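Readers should treat all values here as calculations from the given coordinates under stated rules, not as data from a laboratory. Only a predicted model underlies this, so the values are computations on that prediction, with no experimental measurement involved. Methodologically, a virtual Cβ is constructed for each residue, glycine included, from the backbone with ideal geometry; neighbour enumeration extends over all protein chains shown.
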Amino acid sequence: RPTRIIGAPIDYGANRRGVDMGPSAIRYGGLAAQLEDAGATVADDGDVSAPRAEERDPEAETPSEGRAKFLRETKAVCTALSDRVAETLDSGELPLVLGGDHSIAIGSVTGSARDADVGVVWFDAHGDFNTPATSPSGNVHGMPLAALLGIGDFAGVEWANADGLREENVAIVGLRSVDEAEREAIRESEVTAFTMSDIDEEGITAVVEGALEIATAGTDGIHVSLDLDWLDPREAPGVGTPVRGGVNYREAHSALETVAETGALRSLELVEVNPILDEQNETASLATELAASALGKRIL
Ligand code: ARG
Ligand code: MN
Ligand code: MN
Ligand code: MN
C-alpha cells in the first residue's frame, strides 16, 4: 500500500525542547530510502503547520480542573493532523505520522478512527493515561490515551475523543513507568497493559501476538503508536523522557515484523524523537528502520 508521510513538529506536550525537530531528524535519518527498501511507495506531505511554543501562552486555554499546558495549540495541531490522516486513508494510502511529542497521537488516532473501528497498539515505557486533573507535570504527552478514550476534561472532548476506538481494543506494550493515579485509571479501564515484566516472562513474540489479538478483535485495522522511549535508552538515547529497562534492538524489530505479518496496519506514528539529546542522529535512524519493519521489510 502506498505510504504518505505527515510531519507534526510540536513539543507543546513535552517537558523539554527538541522533539519538535523529530520530523526533520527522521527524514534526515533516511526514512524514504528505508521505506523504499521495504518495497513501499512513498509520498511526503510535509508538515502540518505549528506555531513556535515561545510565541504562545501555555495557559491560554485551561481545562475545567487541573493543568494541561499548550492545550489550545495542541488542539489546533491535532485537529489539522486528524483531517490529514483521514484524507490520506480516504485516498487509499497508509498515513505515517512523524512527531513531535506523543500528544499528536490525539490527532492521528481520531483521524484513523473517524470512519472505521480501529484498535491501537501503544509501544511505550509510559501509560500516557493521565488527565489534566491527575497529571503531575501538566504535559499533554502523558495524557493522549486518556483523551482518546474520553477520560478527563480537555477543554471539551469532541476534538480528542476517538469515535471508532473502544478500550477493549487498546493494548499498551512495554510499560515500566506509571504515575500513581495513572495506575488506578489503567486498572479500572478495559485497556490491556503488557509490562516489561510480561515481556521478561513470556518473550516479545508472545506479548506482541497477544497485543495484536486485542487490537484486531472486531476492528477494521490497527493504529500503531511507537514512542521511541519504548526502547532501552542504550538503543534510543535521543528521547525526552528515557526510562531504563526497555526492549532491545532485535526485540523492537521483531515486534514490528510481527505487526507487518498481521496485514492489519492502517496507520503508524513515530514519536518523541529528540535529536538534541542524541549523537549521530541514531534514534531517528532507528525509527526509520523500525518503520520499515512495520511496513514489511525482511532480512531475506
Ligand atoms: N507520566 C509522565 C507525565 O505524565 C511522563 C509521560 C511521558 N510521556 C511520553 N509520551 N513520553 O508527565
Ligand atoms: Mn508516550
Ligand atoms: Mn513514553
Ligand atoms: Mn466517542
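Key figures
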quantity: Residue order, fewest to most surrounding Cβ atoms within 10 angstrom, among R84, R298; calculated: R298, R84
quantity: Separation of the D115 and T262 label points, Cα + 7 Å toward Cβ, nm; calculated: 2.2 nm
quantity: For the stretch 220-281 and the stretch 47-80, distance of Cα centres in Å; calculated: 25 Å
quantity: Neighbour-limited loop hits for chymotrypsin sites (Phe, Trp or Tyr not before Pro), the stretch 70-128 (at most 13 other Cβ within 10 Å; DSSP other than H, G, I, E, B); calculated: none
quantity: Difference of contour (0.36 nm per residue) and Cα-Cα distance, D220 to E180; calculated: 11.0 nm
quantity: Stokes-Einstein D for the chain, Kirkwood Rh over Cα pairs, 20 °C, 1.002 mPa s (µm²/s); calculated: 116 µm²/s
quantity: Ellipticity estimate at 222 nm from DSSP helix runs (n ≥ 4, -39,500 (n - 2.57)) divided over the chain, nearest 500; calculated: -10000 deg cm²/dmol
quantity: Full-stretch length increase - E87, E36 - with 0.36 nm per residue and alpha-carbon distance subtracted; calculated: 16.1 nm
quantity: DSSP beta bridge pairing in the stretch 188-300, given as percent antiparallel to the nearest 5; calculated: 10 percent
quantity: Solvent-free Debye scattering, log10 I(q)/I(0), computed from the Cα coordinates of the stretch 133-288 at q = 0.09, 0.10, 0.18, 0.21 Å⁻¹; calculated: -0.30, -0.37, -1.27, -1.60
quantity: Extended-chain gain in nm, criterion 0.36 nm per residue less alpha-carbon gap, E55 and R16; calculated: 12.5 nm
quantity: Label-point separation, E213 to S197 (7 Å along Cα→Cβ), nm; calculated: 2.1 nm
quantity: Antiparallel content of DSSP bridges confined to the chain, in %, to 5; calculated: 5 percent
quantity: Nearest-0.05 FRET efficiency for A206 and D44, computed from C-beta distance (R0 45 Å); calculated: 0.80
quantity: The chain, dipole about Cα centre (Lys/Arg Cβ +1, Asp/Glu Cβ -1), debye to the nearest 20; calculated: 460 debye
quantity: Charge dipole of the chain about the Cα centre (unit charges at C-beta), most positive-ward option of G22, W159, L94; calculated: G22
quantity: GNM top mover of T283, T131, T62 - the chain, alpha-carbon springs below 10 Å; calculated: T62
